[in-house]
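Worksheet for the structure shown next.
The values are calculated or read from the model by the stated rules, or taken from the named source; none is laboratory data. Note that the coordinates shown come from a computational prediction; the quantities given were computed from them, not determined experimentally. Glycine also receives a Cβ, built like all others from the backbone with ideal geometry; neighbour counts cover every protein chain displayed.
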Amino acid sequence: MKLLRELRDEEVIGETIELDGKYQERKAARAVVFDNKGKIAVMYSRNVLFHKLPGGGIEKGEDILLALEREVEEEVGVDIEVGNEIGEIIEYRNDYGLKHISYCYFAKVIGDLREQQLTEYESKELDFELKWVSLDEAIRLLEKDCPEDYTGKFIVARDLIFLREAGEIFGARDNECSDFVGNK
């Protein structure tokens with residue numbers, strides 16, 4: 001998978017936080033999920049005031065694509081067909097001693113929208129709301145986000161890179177999203 005960027009504290013929060021010890025590694029899967037109207041799913045935290053792509057951590061024994069399908073089913077309430085890769089981003093979050101690796105793909109919705117299965121943290125602490133917007137609108141939303149939260153700053157920086165790369169791929173082809181969303 002193509003490495004799109006490595007994000008560090010200096011770039012994301014504007015200062016260097018000294019790392020205390022070694023990095024623990026966490027891997028996650030994310031997607032730019034298109035519905036049948038060409039809109040994509042974004043999650044909005046009404047409490048922390050930022051948007052993000054659906055996805056999350058890869059559990060022990062789980063491969064990337066299974067984790068992605070599970071996370072999208074939980075957060076968006078849909079089954080997906082995973083398509084082409086968008087890229088990989090590595091975040092070095094020194095404040096948490098975390099090396100966070102995210103793999104991002106195109107995906108398309110198959111079937112009907114169901115109820116989300118958010119965790120208590122996602123529903124109460126973050127108060128996530130699902131939005132369906134155009135790819136350009138998703139980029140504009142994240143460009144306007146200014147979370148004060150350390151994690152939120154990394155999420156917005158990371159997902160904005162993924163969305164812009166998706167836009168580059170999308171714009172570089174004179175095709176419908178189905179031409180690359182459903183073909184790995």
Q: State whether one or more residues within the stretch 49-68 are among the hydrophobic types (A, V, I, L, M, F, W, C), surrounded by fewer than 22 Cβ atoms within 10 Å (Cβ to Cβ) and modelled with pLDDT under 95.
A: yes
Q. Would it be correct to say that LEU118 is in a loop (DSSP other than H, G, I, E, B) and over 17 Å from the mean Cα position of the chain (by Cα)?
A. no
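Anything in the stretch 120-135 that is surrounded by 12 or more Cβ atoms within 10 Å (Cβ to Cβ), of a type outside the set (D, E, K, R) and closer than 13 Å to SER45 by Cα? List them, or say none. First the steps, then the outcome.
Filtering the stretch 120-135 for residues surrounded by 12 or more Cβ atoms within 10 Å (Cβ to Cβ) gives 122-123, 125-135.
Right, trim to of a type outside the set (D, E, K, R) and you get 123, 126, 128, 130, 132-135.
SER123, LEU126, PHE128, LEU130 - these are the residues of the stretch 120-135 that are surrounded by 12 or more Cβ atoms within 10 Å (Cβ to Cβ), of a type outside the set (D, E, K, R) and closer than 13 Å to SER45 by Cα.
Restricting attention to the stretch 33-42, does a residue exist that is of a type in the set (Phe, Trp, Tyr), farther than 23 Å from LEU126 by Cβ and crowded, with 18+ Cβ neighbours inside 10 Å?
To start, the set of residues in the stretch 33-42 that are of a type in the set (Phe, Trp, Tyr) comprises 34.
This time we only want the ones that are farther than 23 Å from LEU126 by Cβ, so: 34.
Right, trim to crowded, with 18+ Cβ neighbours inside 10 Å and you get 34.
Yes: the stretch 33-42 contains one or more residues that are of a type in the set (Phe, Trp, Tyr), farther than 23 Å from LEU126 by Cβ and crowded, with 18+ Cβ neighbours inside 10 Å.
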Q.
I want to confirm something. Restricting to the stretch 19-48 and keeping residues that are touching a Pro at 6+ places or on another chain (Cβ under 9 Å) and modelled with pLDDT under 95, which single residue is nearest to ALA138 (Cα to Cα)?
A. SER45
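Please go through the stretch 72-92 and give me each residue that is outside any helix (DSSP H, G or I) and either of a type in the set (A, V, I, L, M) or in contact with a Phe, Trp or Tyr (Cβ under 6 Å, 6 or more places away or on another chain) (or both), ordered by number.
Filtering the stretch 72-92 for residues outside any helix (DSSP H, G or I) gives 77-92.
Selection gives VAL78, ILE80, VAL82, GLY83, ASN84, GLU85, ILE86, GLU88, ILE89, ILE90, GLU91.
Results for (1) within 19 Å of SER134 (Cβ to Cβ); (2) among the polar types (S, T, N, Q), shown as yes or no for each residue.
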position	(1), (2)
LYS22	no, no
GLU25	no, no
ARG30	yes, no
ALA41	yes, no
SER45	no, yes
GLY77	no, no
ASP95	no, no
SER102	no, yes
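Which of the following residues is touching a strand residue (DSSP E or B) at 6+ places or on another chain (Cβ under 6 Å), in contact (Cβ under 8 Å) with a residue 40 or more places away in the chain and over 23 Å from LEU4 (Cβ atoms): VAL78, VAL32?
Working: VAL32 fails: over 23 Å from LEU4 (Cβ atoms).
Among VAL78, VAL32, only VAL78 is touching a strand residue (DSSP E or B) at 6+ places or on another chain (Cβ under 6 Å), in contact (Cβ under 8 Å) with a residue 40 or more places away in the chain and over 23 Å from LEU4 (Cβ atoms).
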Q) How many residues are acidic (Asp, Glu) and farther than 23 Å from LYS131 by Cα if we restrict to the stretch 59-75? A) 3
Q.
Looking at the structure I just gave you, is GLU85 acidic (Asp, Glu) and under 15 Å from ALA31 (Cβ atoms)?
A. yes
Q: Go through the stretch 130-159 residue by residue and tally those that are among the acidic types (Asp, Glu), over 19 Å from PHE34 (Cβ atoms) and not in a loop (DSSP other than H, G, I, E, B).
A: 1
Q | Conditions (1) at pLDDT below 95; (2) surrounded by fewer than 17 Cβ atoms within 10 Å (Cβ to Cβ): number failed by GLN116 | A | (2)
